[in-house]
1. Give me a count of the residues in segment 144-176 that are crowded, with 19+ Cβ neighbours inside 10 Å, assigned to a loop (DSSP other than H, G, I, E, B) and not acidic (Asp, Glu).
2. Find all pairs meeting these conditions: Cβ atoms under 6 angstrom apart; at least six residues apart or on different chains; first residue within segment 235-253 and in a loop (DSSP other than H, G, I, E, B); second residue of a type in the set (Ser, Thr, Tyr).
3. Hand me the list of strands (runs of 3 or more DSSP E) wholly inside segment 26-87 holding 3 or more residues that are within 21 Å of residue 216 (Cβ to Cβ) and out of contact with any His (no Cβ under 9 Å at 6 or more places or on another chain).
4. Looking only at segment 93-110, which residues are surrounded by fewer than 16 Cβ atoms within 10 Å (Cβ to Cβ), at pLDDT below 85 and either assigned to a helix (DSSP H, G or I) or not polar (S, T, N, Q) (or both)?
5. Which residues, taken from segment 174-233, are at pLDDT below 95, of a type in the set (S, T, N, Q) and more than 20 Å from residue 252 (Cα to Cα)?
6. Looking at residue 113 and the list (1) of a type in the set (D, E, K, R); (2) free of Cβ contacts under 8 Å to residues at least 40 places away in the same chain; (3) buried (at least 19 other Cβ atoms within 10 Å of the Cβ), which single condition is not satisfied?
7. Conditions: (1) surrounded by 13 or more Cβ atoms within 10 Å (Cβ to Cβ); (2) of a type in the set (A, V, I, L, M); (3) more than 28 Å from residue 143 (Cα to Cα). Residue 75 meets all but one. Number of the miss?
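The values are calculated or read from the model by the stated rules, or taken from the named source; none is laboratory data. If you're wondering where the values come from, they're calculated on a predicted model, not measured in any experiment. For neighbour counting, all protein chains shown are included, and Cβ atoms are generated from backbone atoms with ideal geometry for every residue, glycine included.
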Amino acid sequence: MKKILEFKNVSLKRGEKVILEELNWTIGSKENWAILGLNGAGKTTMLKMIHGDLWPSNGQLEVLDNVFGKSNISLLKRKIGWVSSALQDWLHPGDLVEQIVLSGKFASIGLYEQYTEVEMQAAKEQIIRLGGEALIGKTYRVLSQGERQLVLIARALMANPELLILDEPCNGLDFFARERLLNKIAKLAVSEESPALLMVSHYTEEILPCFSKIMFLKKGKIYATGRREELLTPAKLSDFYEAPINILVDKTKRVIVYPKQS
């Protein structure tokens, strides 16, 4: 099985402070993983490292056959789709939706390279496949938060990535917009052309059944990894959160966690 990424004893320090410590972890081709952790666990920092925005202080990191320190990371970034609310702050609000989606092909913020009408049409078709046909021709600034997240997913898919990172994609969405977006992710996961998916969330109910592998990240360390049915249990989650919890499992096998009342 082809490796999508591999951490070998990876640590990250800022001065004397250890942010991530001794991470050992492998993702294989077509595996979908979710990372669960509380604020300050190091989730987004880990994603930035995978994307090539941060480099390990110690250990070896390999992503899509590129070993950090021995590869062209700018070319690697074109193979990784990135969806994050933080990315919205960098985009140009006056750009048309299809322009933003096409920029994903070049891993750029804005369009600076020459493109063809065929490439622009491909961007529009990518939006349509995700159900966003009505967004074509609109500027980014007029979109709702849910529509913006949909555009970011379309943008991330433009380069046909081998890995798609979803960094808290439901952040800021209301209940209905969240469910619409999760439905799009579920459909993407079962499509033949789907890349490996890596999603970060605070909330177990956002971790769809298509995410069959789970990592618990706690205080910069990997607390546990395993299959979702092994980790999303009252006992495992209570240990992880260091607090008693109850869970509900709905008919689609999504898991909802809430604190146990004393």
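1. Residues flagged as crowded, with 19+ Cβ neighbours inside 10 Å, assigned to a loop (DSSP other than H, G, I, E, B) and not acidic (Asp, Glu) within segment 144-176 amount to 5.
2. What qualifies is 244/238.
3. Numbers: elements: 33-36, 58-63, 80-84.
Here the list reads 33-36.
4. 109, 110
5. 194
6. Unmet for residue 113, out of (1) of a type in the set (D, E, K, R); (2) free of Cβ contacts under 8 Å to residues at least 40 places away in the same chain; (3) buried (at least 19 other Cβ atoms within 10 Å of the Cβ): (3).
7. Looking at each condition in turn, residue 75 falls short on (1).
To keep it simple, each residue is scored yes or no on (1) at negative phi; (2) in contact with a helix residue (DSSP H, G or I) (Cβ under 9 Å, 6 or more places away or on another chain); (3) in a strand (DSSP E or B).
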position	(1), (2), (3)
183	yes, no, no
188	yes, yes, no
215	yes, yes, yes
223	yes, yes, yes
